[in-house]
Amino acid sequence: MTETEALAALRGPDPVLAARAEATLWEIWCRSGIPEIDRLLRQGIEAMERRELEDAIALFGRIIERAPDFAEGWNKRATARYVAEDYEGAVADCEATLARNPHHFGALSGQGLCYMALGRPREAAAVFRRALGVHPRLQGVRHNLATALGEAVRGNGH
């Protein structure tokens with residue numbers, strides 16, 4: 001399945017095919033085609049799993065320096081920054097991811113979570129909607145959108 005076919009399958013009627021398409025997209029997005037970069041990505045993910053966030057952020061930074069067009073390097077650093085509660089830094093990395101891969105539903109969802117943490121529910125709702133436009137079956141994002149909309153309304157005094 002190509003990336004284009006997988007993106008189409010996410011919005012199609014078959015939930016089994018959509019699940020397979022999502023897994024395929026993650027496989028495609030996590031392969032840079034450069035062995036050293038792929039090794040650094042694995043090391044960064046392992047550092048995140050050990051909660052060694054500074055090390056993970058540094059490893060993903062090395063990926064970005066060596067392969068700045070590899071969107072997943074930016075996305076993984078965004079994830080590590082989010083876990084480290086550097087929400088502004090994570091938003092910037094999500095934007096960099098999306099500049100390279102505008103269909104990256106993970107970066108869209110992550111950016112929305114950052115906006116929620118920053119108390120910016122309207123911006124969160126906008127990116128959650130974009131994520132659902134790419135991948136309508138993301139139930140967590142659907143829930144987060146409802147939460148963001150509720151907070152935005154409360155922020156208006158309604």
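The values are calculated or read from the model by the stated rules, or taken from the named source; none is laboratory data. A quick note: this is a predicted structure, and the numbers were derived from the prediction, not measured. For neighbour counting, all protein chains shown are included, and Cβ atoms are generated from backbone atoms with ideal geometry for every residue, glycine included. Note: accessible area is taken over every heavy atom of the protein model, side chains too, but ligands, DNA and RNA are not part of it. Shrake-Rupley method; radii C 1.70, N 1.55, O 1.52, S 1.80 Å.
Conditions (1) in contact with a His (Cβ under 7 Å, 6 or more places away or on another chain); (2) under 30 Å from Arg154 (Cα atoms); (3) at pLDDT 95 or above, marked per residue:
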position	(1), (2), (3)
Asp69	no, no, yes
Thr97	yes, no, yes
Met116	no, yes, yes
Arg120	no, yes, yes
Val127	no, yes, yes
| query | What helices (runs of 4 or more DSSP H) completely inside the stretch 40-158 contain at least 2 residues that are under 18 Å from Leu25 (Cβ atoms)? | reply | 71-83, 87-100, 105-117, 121-134, 139-155
| query | Of the residues that sit in the stretch 107-138 and are in contact (Cβ under 8 Å) with a residue 60 or more places away in the chain and open to solvent by less than 50 Å² (accessible area, probe 1.4 Å), which one is nearest to Leu10 (Cα to Cα)? | reply | His135
| query | Do we find a residue being of a type in the set (S, T, N, Q) and closer than 21 Å to Leu59 by Cβ anywhere in the stretch 119-140? | reply | no
| message | I'm trying to understand the selection: among the residues of the stretch 10-39, which are in a helix (DSSP H, G or I), of a type in the set (A, V, I, L, M) and over 26 Å from Arg130 (Cα atoms)? | response | Ile37
| said: Within the stretch 9-53, take every residue that is in contact (Cβ under 8 Å) with a residue 24 or more places away in the chain and among the acidic types (Asp, Glu) and give me the one that is least open to solvent (accessible area, probe 1.4 Å). | reply: Glu22
| task | Looking only at the stretch 51-59, decide whether some residue is at pLDDT 95 or above, of a type outside the set (S, T, N, Q) and under 27 Å from Gln139 (Cα atoms). | result | yes
